[in-house]
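The next block holds one structure in the form of structure tokens; read it before the comments.
The values are calculated or read from the model by the stated rules, or taken from the named source; none is laboratory data. If you're wondering where the values come from, they're calculated on a predicted model, not measured in any experiment. Methodologically, a virtual Cβ is constructed for each residue, glycine included, from the backbone with ideal geometry; neighbour enumeration extends over all protein chains shown. Just the protein is used for accessible areas: all its heavy atoms, side chains included, with ligands, DNA and RNA removed. Shrake-Rupley method; radii C 1.70, N 1.55, O 1.52, S 1.80 Å.
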Amino acid sequence: MCAMARPRKPLLSTDRIVETARDLVDREGLAAVSTRRLAAELGVSGPSLYNHFRTKDEILEAVADSVSAQVDLSMFEDGREWQTALHDWAVSYRAALRDHPNIVPVLARGPGRRPAALRLADAVYGAMVDAGWPPAQATSIGALMRYFIMGSALGSFAGGFVDDASAYDPADYPHLGQAHLLAEQQEKIDERAFEAGLAALLDGLAQQYRQAGM
């Protein structure tokens, strides 16, 4: 009678390490990530991670790039008008950051050498130059969009108010009588603010574009 084979542990791979680290960051934040903790989550010995990543920072960079890779870039390739493409890209970018808010501080450092982040920057810049924007202005548009999207993902405006009417005494804050209700409508308020800001930003760029005769 043949003995039953023991179930094999999944092979350690770069993708598996990044996925596990991303889940850990999502659950507990950047401070929770260490090689020891990751090794425990993966069920391996700590030194085995060094065959794939030399440092914790390299792991976090890879996690950040895996989030950048979730951003849709097809709108820059399928003929959409530049304003529409920027809008659709911004919505996709913010959705990726909203799903993984704890990694935003790493993403905010800039693309560095991360491949997906560099492809993202290249796609935006190339699309703006192809639309007729001068290179210097195309660079500024990419920076402006990044500031806006990253800023919207760093924290919730509505979520910053406490669900306690007594915190907003009319004698001290005469215009904040309904502020304690904001938190319960956090997603709706934040989405509406993002769309309003994005529309205003794109309208301003469109006006510059027309005035320059591009």
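Remarks
- Candidates A171, A121, A165, filtered to the one that is of a type in the set (A, V, I, L, M) and at pLDDT 95 or above: A121
- Residues located in segment 24-38, provided they are assigned to a helix (DSSP H, G or I) and surrounded by 13 or more Cβ atoms within 10 Å (Cβ to Cβ): L24, V25, D26, L30, A32, T35, R37, L38
- Of all the numbered requirements in (1) small (G, A, S); (2) closer than 24 Å to L201 by Cα; (3) free of Cβ contacts under 8 Å to residues at least 60 places away in the same chain, A64 misses one, and that requirement is (2).
- The lone criterion from (1) surrounded by 19 or more Cβ atoms within 10 Å (Cβ to Cβ); (2) on the phi > 0 side of the Ramachandran plot left unmet by G112 is number (1).
Table: residues versus (1) in a helix (DSSP H, G or I); (2) touching a residue at least 24 places away in the same chain (Cβ under 8 Å); (3) among the hydrophobic types (A, V, I, L, M, F, W, C); (4) farther than 22 Å from N102 by Cα.
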| position | (1), (2), (3), (4) |
| --- | --- |
| D163 | no, no, no, yes |
| D172 | no, no, no, yes |
| Q186 | yes, yes, no, no |
| D190 | yes, yes, no, no |
| L202 | yes, yes, yes, yes |
| L205 | yes, yes, yes, yes |
| Y209 | yes, yes, no, yes |
| G213 | no, no, no, yes |
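- The number of residues in segment 136-161 being among the hydrophobic types (A, V, I, L, M, F, W, C), without any contact (Cβ under 8 Å) to a residue 24 or more places away in the chain and crowded, with 16+ Cβ neighbours inside 10 Å comes to 2.
A quick yes/no check of all residues on (1) in contact with a Phe, Trp or Tyr (Cβ under 8 Å, 6 or more places away or on another chain); (2) among the aliphatic types (A, V, I, L, M):
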position	(1), (2)
A117	no, yes
G159	no, no
Y173	no, no
L176	yes, yes
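- Filtered residues of segment 49-102 (kept if under 30 Å from R36 (Cβ atoms), open to solvent by 30 Å² or more (accessible area, probe 1.4 Å) and hydrophobic (A, V, I, L, M, F, W, C)): A69
- Residue in segment 174-184 that is modelled with the lowest pLDDT, counting only those that are open to solvent by less than 50 Å² (accessible area, probe 1.4 Å) and assigned to a helix (DSSP H, G or I): A183
- Any hit, segment 8-18, residues being in a helix (DSSP H, G or I) and either buried (at least 18 other Cβ atoms within 10 Å of the Cβ) or of a type in the set (G, A, S) (or both): yes
- Selection of segment 146-161 for residues being small (G, A, S), closer than 13 Å to R98 by Cα and assigned to a helix (DSSP H, G or I) yields G151, S152, A153.
- Screening A127 with (1) within 21 Å of D72 (Cβ to Cβ); (2) in contact (Cβ under 8 Å) with a residue 12 or more places away in the chain; (3) open to solvent by 40 Å² or more (accessible area, probe 1.4 Å) gives one miss only, at (3).
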